[in-house]
Amino acid sequence: IPMTDNVKIMFEVETLVNASPATVSRAGIIYVSDTDLDWEPVLKAWVLKRADPGYQALLETFIDRWIGKCTRVDPGPCFEFLQRNTAEVMREGRVGRISSFTQLFEGLTEGQETSFIVNNEKALERIFVYCLCWSVGALLEADDRSKFDRWLRDRDKSEVLPQV
């Protein structure tokens, strides 16, 4: 399938049991277990690519507040809540959801048209939560989206979420 240079495809599979050696080599597939590389190093690397140290610190604050910290035994409060209390329409790994989050956030906050947002902390945090909902919570059914909304509102000390 011919694709342009700006197309990126990420395959995220639970196992490689049914993958042939040809598929693995042609697609450049590598297998990394969730226990070896979870979402946090991916997100930290993305934050470190931001040029301004003040912006990096602000993003770290948002990450701590809304997603949490990840350890080898605990994926962080956000993913822990989703794992224990919700069901996804289709299973997607945590790294894939974080990658979706970073791409959506970049698309909404980087570029000349969006330069005014970087200096507005509340607007930036609102966009952060919006991106969290439509990436990390994107595959939830309606009832589970309501649960996720309640969980987010319980954490919303700075009142960035709109009133409903």
Exercise for review: On a C-alpha basis, how far is the centre of region 69-98 from the centre of region 12-68 in Å? Whole number, if you could?
Suggested key: 13
**Study point:** Base-10 log of normalised Debye intensity for region 28-68 (one unit scatterer per alpha-carbon) at q = 0.19, 0.33 Å⁻¹
**Key:** -0.63, -1.12
Practice item. Read phi for every residue in region 40-45 and hand back ³J(HN,Hα) as whole Hz from Karplus 6.51 cos²θ - 1.76 cosθ + 1.60, θ = phi - 60°, with x for Gly and Pro. Key: 4, x, 5, 5, 5, 4
Check your understanding: Dipole of region 76-164 (Lys/Arg Cβ +1, Asp/Glu Cβ -1, origin at the Cα centre): which of 100, 86, 130 lies farthest to the positive side?
Key -> 86
Practice item. Starting from the Cα of residue 49, draw a straight line to each of the aspartates and glutamates and keep only those under 15 Å, dropping any in the same chain fewer than 8 residues away. Key: 40, 60, 106, 110
Review point. Which ³J(HN,Hα) values, rounded to whole Hz and listed in residue order, are derived for region 103-118 from phi using the Karplus coefficients 6.51, -1.76 and 1.60 in 6.51 cos²θ - 1.76 cosθ + 1.60 with θ = phi - 60°, glycine and proline given as x?
Key: 5, 5, 4, 4, x, 8, 10, 10, x, 5, 5, 10, 4, 5, 6, 4
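Let me know the shape class of region 1-79, please: from the alpha-carbon gyration tensor, a ≥ b ≥ c as square roots of the eigenvalues, rounded when a/c is under 1.5, otherwise prolate if a/b is greater than b/c, or oblate.
Oblate, since a/c reaches 1.5 and b/c is not below a/b.
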Study note, to complete from the structure: In whole percent, the fraction of accessible protein surface over region 25-129 that belongs to carbon or sulfur atoms, probe radius 1.4 Å, stands at 53
Check your understanding: In terms of Cα to Cα distance under 25 Å, which lysines are near enough to residue 147, apart from those fewer than 8 places away along the same chain?
Key -> 69, 122, 157
**Study point:** Check: the chain dipole with +1 on Lys, Arg Cβ and -1 on Asp, Glu Cβ, in debye
**Key:** 80
Practice item. Enumerate by residue number the chymotrypsin sites (Phe, Trp or Tyr not before Pro) in region 15-73 meeting two conditions: DSSP loop (anything except H, G, I, E, B), and at most 16 other Cβ atoms within 10 Å of the site's Cβ. Key: 31
Point to revise | trypsin sites (Lys or Arg not before Pro) lying in DSSP loop within region 96-164, provided at most 13 other Cβ fall within 10 Å | key: 157
Review point. So which GluC sites (Glu not before Pro) in region 86-146 are both in a DSSP loop and have at most 14 other Cβ atoms within 10 Å of their Cβ?
Key: 110, 141
Check your understanding: Which ³J(HN,Hα) values in Hz, rounded to whole numbers, follow from the phi angles of region 84-94 under the Karplus curve 6.51 cos²θ - 1.76 cosθ + 1.60, where θ = phi - 60° and Gly and Pro get x?
Key -> 8, 10, 9, 10, 8, 5, 9, 6, 9, x, 5
Point to revise | Residues of the chain: accessible area per residue with a 1.4 Å probe, Å² | key: 65
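The values are calculated or read from the model by the stated rules, or taken from the named source; none is laboratory data. Predicted, not measured: the structure shown is a model, and the values here were computed from it. Methodologically, a virtual Cβ is constructed for each residue, glycine included, from the backbone with ideal geometry; neighbour enumeration extends over all protein chains shown. Note: accessible area is taken over every heavy atom of the protein model, side chains too, but ligands, DNA and RNA are not part of it. Shrake-Rupley method; radii C 1.70, N 1.55, O 1.52, S 1.80 Å.
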